[in-house]
Amino acid sequence: SDNHSDDQHRATVSEHLVPAASGATVYGNDAVSIDASNISEGYFMVQYNGTADKIKMQVTIPDGTVYTYTLAIGSYETFPLSGGNGNYRLDILEHAYDDQYAVAFSQDIKVSVTNEFKPFLYPNQYVSFNADSKTVALGEEVSEGARTDLDVVSNVYHYVTEHIIYDEAKATSVTYGYLPDIDETIASGKGICFDYASVMSSMLRSQKIPTKLEVGYAGEAYHAWISVYLEDVG
C-alpha cells in the first residue's frame, strides 16, 4: 500500500542548536578571548580584539593533525572540536609583516565531549547558519515527508545540484580565508565547492544529521567535501 502512517516518517526538525560564549570558562589576554565553556558540546568560541590586520588560529587535535583558520576581528566565531576526546592546542597568530605571523596567545584544553556527533551538528565558522537562515528553511522544506535520514540527504543533494551551478569565475578568483555565505549562495544560484559543501552541511546539520565539512587540496586544486553519519548506515 502507498498509505503510510506518520510514524513511518522521520520528524522534521525546527529547533536548532545555538552555540554560546557563556563566559563560564574563558582563556586569553587583552587581544584574545577563548570561550571554552561548552567544550563538552563539541565546540569552542574565539574573539580577537587586538590591533593586527590579519589573524590566524592553528588548532592541533589529539592525533596531531593541525587545522588552520583565518579569524575575524571583533566578533566571536565558533569552531568544532572535531578530533573527539583528548588534548587540544590552540595557537592564535597575529600578522607581523610579509607572510610572517607571531604567536599572540596559546592554550591547551582537555576535551571530553558528551556526544561524539555534537561537533558536526552545531553551526560554526565554515557551516554558519541560524534559525533565520533561508537555507535552514529550505532544509525543513526538502525534509518534509522524508521517511529516513538517508532520504533527507538525497533530497538535499538533489536540491543543491539542481539549483546551484558551479561558478568558474569565482573559483579562479577566490582568496585564502574565504568563507561561504549560504543564503547568498542560495539566492545567487551559483557557488564553488566550498559553497556547495557549506549549504548542504547547514541544511543537514539543522535537521540533526551529523555532517563533517573538510577543506583541503586535491592535487593543486583547493577543494571541499562533506561526509554524513546515518544511524542506519554508519
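Once every Cα of segment 1-133 carries one equal point scatterer and solvent is ignored, give the base-10 log of I(q)/I(0) from the Debye formula at q = 0.12, 0.13, 0.14, 0.18 Å⁻¹, two decimals.
Log10 I(q)/I(0), no solvent term: -0.51, -0.58, -0.65, -0.99.
If you roll a 1.4 Å probe over the heavy atoms of the protein chains, what accessible area per residue do you get for segment 1-152, in Å²?
51 Å²
Can you give me the % of accessible surface on the chain that is carbon or sulfur? Probe 1.4 Å, all protein chains present, nothing else counted.
Reported share for carbon and sulfur atoms: 47 percent.
With springs connecting C-alpha atoms under 10 Å apart, model the chain as a Gaussian network and identify which of I209, I39, I109 has the largest mean-square fluctuation.
I109
Taking a 28 Å limit on the Cα-Cα distance, which of the listed pairs K56/K170; K56/K208; K56/K212 fall beyond it?
Too far apart for the 28 Å limit: K56/K208.
Which aspartates and glutamates, on any chain, are close to K190 with Cα under 19 Å apart, when same-chain ones fewer than 8 places away are left out?
E162, D167, E168, D181
Sort out for me the Cα centre separation of segment 95-172 from segment 32-54, rounded to whole Å.
Each part's Cα centre sits 18 Å from the other's.
Would you calculate, for the chain, the mean residue ellipticity at 222 nm contributed by helices, counting each DSSP H stretch of 4 or more residues as -39,500 (n - 2.57) and dividing by all residues, to the nearest 500?
Rounded to the nearest 500, it is -6500 deg cm²/dmol.
The values are calculated or read from the model by the stated rules, or taken from the named source; none is laboratory data. Keep in mind that this is a model prediction, so the values were computed, not measured. Accessible surface is based on the protein model in full, side chains and every heavy atom, while ligands, DNA and RNA are left aside. Shrake-Rupley method; radii C 1.70, N 1.55, O 1.52, S 1.80 Å.
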